[in-house]
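Colleague: I'd like to ask you about the structure that follows.
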Amino acid sequence: MSAATNDVLSLAAERAQTYVRDVTKRRVAPAEKDVAALAKFREAFPAESSDPRDVVAMLDEIGSPATVASTGGRYFGFVVGGSLPAVTAANWLACAWDQNACLRVMSPVAAELEEIALQWVCEAIGLPAGCEGGLVTCATMASFTALSAARSALLGRAGWNVVDDGMFGAPPIEIVVGEEVHASVLKALSLAGFGKKRVMIVEADGQGRMRAEKLPRLSERTIVCIQAGNVNTGAFDPAKEICARAQEQGAWVHVDGAFGLWAAVSPKYKHLAEGFEMADSWATDAHKWPNINYDSGIVIVRDATALSTAMTVSAPYLSPGARREPMHFSPEASRRARGVELWAGLKSLGRSGLRALIERTCAHAKRFAEGLREAGFDVLNEVVLNQVLVSFGGAENTREVIRRLQGDGTCWCGSTEWQGKTAMRISVSSWMTTEEDVERSLQVIIRIARNVCA
């Protein structure tokens, strides 16, 4: 390695370490002046080369202050996890390796770690032996991949080869979703060629759980999409009843479990995930609860053949080996080696560490709910997991509290609309969140809310 290369890598490592060390001391949302400073990046494409050290320095000096401190302990927006130390370090190493996870021959280590990590995920959340999966960008792509597999399998049973003949003229497939279906599932359904008119919506209860007794008639050409962890309330659909009905009729059940599926790791919360192992496919995110870095979506399908049929790509120069080839189980062929960081995170946590992370963050969520209720504010959901919805009176007051809180910089919470009410959503997902972070954030939220509501 040349001295210049060594210098730039050392500089990047030094500045990254400083960022990680100081992230808990800074504002969670960047100040307006730091966001405005991003304009310094805007220039015509440079005519001449730049010293790599100057490039890294510019990134850090202008870019770092304008980041959102979602890797710290007081970011409670969008169910965003942090990045575990082992994961961050593995990411640096994986970047240095620069592996293409398409074929095993292109990167034996990427293929091996992906296969192991997927097996560990299935073991951790209690999915059946023999499932197959793939690593994708996010839960949206995981659902798209799973629904593509479902489409191929269900149409195949009807004698239609969707890979060869496409969707034009294919036998119809009915889609069933709950009233509180996540937008990512609707997008995935659209990408997979299922129009909105084919989607039947089932009534949900006050926590967003699909009412199993309201299910329509199912058939061997029905896909039912259920939730493990509502994005607002954390509630779980009654999977056991829904899956039993689906199995009787030969329907396919897909699970949107972006964060909730991981509850199965904890004996304290495992009951919430009961019955979800009976489904046919699952989508989840490792960049949420396990605190793997972005991006790290996971798709798992019970029928390995259905997944590979939908995803396999072939060309004379893409000669598969005798073992599992990553490109046959996800939409992308060339892609980064996401399995390296996933393996590192799961290896560093182990079952006990993952359980502790889940239980600790859920306890923090309950403390938020408790503190806000004691202060006289309205918590709208049953806090069964790591999600809290709170109203500060009318919509105008709630939005103003959120605006001032985000501007304050102590912590960050987002807004949502829940069954006709405007609410602040608190999502506790990071390994870095401490009791001190929660108490400090509670004090600021309550102070701001009282000022707004006075």
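The values are calculated or read from the model by the stated rules, or taken from the named source; none is laboratory data. Since we're looking at a predicted model, the values are computed, not measured. Cβ atoms come from the backbone with ideal geometry, glycine included; neighbour counts cover every protein chain shown. Heavy atoms of the whole protein, side chains included, go into the accessibility calculation; ligands, DNA and RNA do not. Shrake-Rupley method; radii C 1.70, N 1.55, O 1.52, S 1.80 Å.
Colleague: Hey, among the residues in region 210-243 that are more than 27 Å from the chain's Cα centre (by Cα) and not in a loop (DSSP other than H, G, I, E, B), which one's nearest to PRO171 (Cα to Cα)?
Modeller: Looking at residues that are more than 27 Å from the chain's Cα centre (by Cα) and not in a loop (DSSP other than H, G, I, E, B), I get LYS214.
Colleague: Still on this structure: What are the residues in region 113-145 that are aliphatic (A, V, I, L, M), touching a strand residue (DSSP E or B) at 6+ places or on another chain (Cβ under 7 Å) and open to solvent by 30 Å² or more (accessible area, probe 1.4 Å), if any?
Modeller: MET141
Colleague: Across region 288-304, which residue is nearest to the chain's Cα centre (by Cα) among those that are open to solvent by 10 Å² or more (accessible area, probe 1.4 Å) and not acidic (Asp, Glu)?
Modeller: Ranking the qualifying residues of region 288-304, first place goes to LYS288.
Colleague: Any residue that is open to solvent by 20 Å² or more (accessible area, probe 1.4 Å), part of a helix (DSSP H, G or I) and in contact (Cβ under 8 Å) with a residue 12 or more places away in the chain - is there at least one of those in region 312-320?
Modeller: no
Colleague: With the requirement that a residue be open to solvent by 40 Å² or more (accessible area, probe 1.4 Å) and either assigned to a strand (DSSP E or B) or in contact (Cβ under 8 Å) with a residue 24 or more places away in the chain (or both), what does region 190-209 give you?
Modeller: The answer is LEU191, GLY193, ARG198, MET200, ILE201, GLU203, GLY206, ARG209.
Colleague: Testing ALA110 on (1) open to solvent by 50 Å² or more (accessible area, probe 1.4 Å); (2) at pLDDT 95 or above, one condition comes back false. Which one is that?
Modeller: (1)
Colleague: Right, next: Out of curiosity, is SER330 buried (at least 21 other Cβ atoms within 10 Å of the Cβ) and of a type in the set (Ser, Thr, Tyr)?
Modeller: yes
Colleague: Follow-up question, since we're still on this one. Taking the options THR88, THR5, THR67, name whichever one is modelled with pLDDT under 95 and hydroxyl-bearing (Ser, Thr, Tyr).
Modeller: THR5
Colleague: Among the residues of region 14-63 satisfying the criterion of being of a type in the set (A, V, I, L, M, F, W, C) and loosely packed, with under 12 Cβ neighbours inside 10 Å, which is farthest from ARG404 (Cα to Cα)?
Modeller: Checking each candidate, the answer is ALA47.
Colleague: If you scan region 40-54, which residues turn out to be touching a helix residue (DSSP H, G or I) at 6+ places or on another chain (Cβ under 9 Å) and either free of Cβ contacts under 8 Å to residues at least 40 places away in the same chain or among the small types (Gly, Ala, Ser) (or both)?
Modeller: Of everything in region 40-54, those that are touching a helix residue (DSSP H, G or I) at 6+ places or on another chain (Cβ under 9 Å) and either free of Cβ contacts under 8 Å to residues at least 40 places away in the same chain or among the small types (Gly, Ala, Ser) (or both) turn out to be LYS40, PHE41, SER50, ASP51.
Colleague: If you don't mind, there's one more thing I want to ask. With respect to ALA365, is the statement that it is more than 26 Å from the chain's Cα centre (by Cα), open to solvent by less than 40 Å² (accessible area, probe 1.4 Å), small (Gly, Ala, Ser) and at negative phi true?
Modeller: No: the conditions fail for ALA365.
Colleague: Ok, one more. Out of all the residues in region 396-434, which are open to solvent by 40 Å² or more (accessible area, probe 1.4 Å) and in a helix (DSSP H, G or I)?
Modeller: Residues satisfying the conditions are GLU396, ASN397, ARG399, GLU400, ARG403, ARG404, GLN406, GLY407, ASP408.
Colleague: Something else: Please work out which residue is farthest from ARG335 (Cα to Cα), limiting yourself to region 104-127 and to residues that are touching a helix residue (DSSP H, G or I) at 6+ places or on another chain (Cβ under 6 Å) and outside any helix (DSSP H, G or I).
Modeller: GLY126
Colleague: Can you pull out the residues in region 210-224 that are under 19 Å from ARG151 (Cα atoms) and open to solvent by 10 Å² or more (accessible area, probe 1.4 Å)?
Modeller: Hits for region 210-224 are ARG217, SER219, GLU220, ARG221.
Colleague: Where residues in region 244-287 are among the acidic types (Asp, Glu) and part of a loop (DSSP other than H, G, I, E, B), which of them is most open to solvent (accessible area, probe 1.4 Å)?
Modeller: GLU274
Colleague: Regarding ARG338, is this residue of a type in the set (Lys, Arg), at pLDDT 95 or above, open to solvent by less than 40 Å² (accessible area, probe 1.4 Å) and within 18 Å of the chain's Cα centre (by Cα)?
Modeller: Answer is yes for this residue.
Colleague: Condition first: surrounded by 13 or more Cβ atoms within 10 Å (Cβ to Cβ) and within 22 Å of VAL79 (Cβ to Cβ). Now tell me which residues in region 158-189 satisfy that.
Modeller: VAL177, GLY178, GLU179, GLU180, VAL181, HIS182, SER184, VAL185, LEU186, LYS187, ALA188, LEU189, listed by residue number.
Colleague: Just to verify a result, which residue in region 368-392, among those that are part of a strand (DSSP E or B) and open to solvent by less than 50 Å² (accessible area, probe 1.4 Å), is farthest from TRP431 (Cα to Cα)?
Modeller: Taking the candidates together, the pick is SER391.
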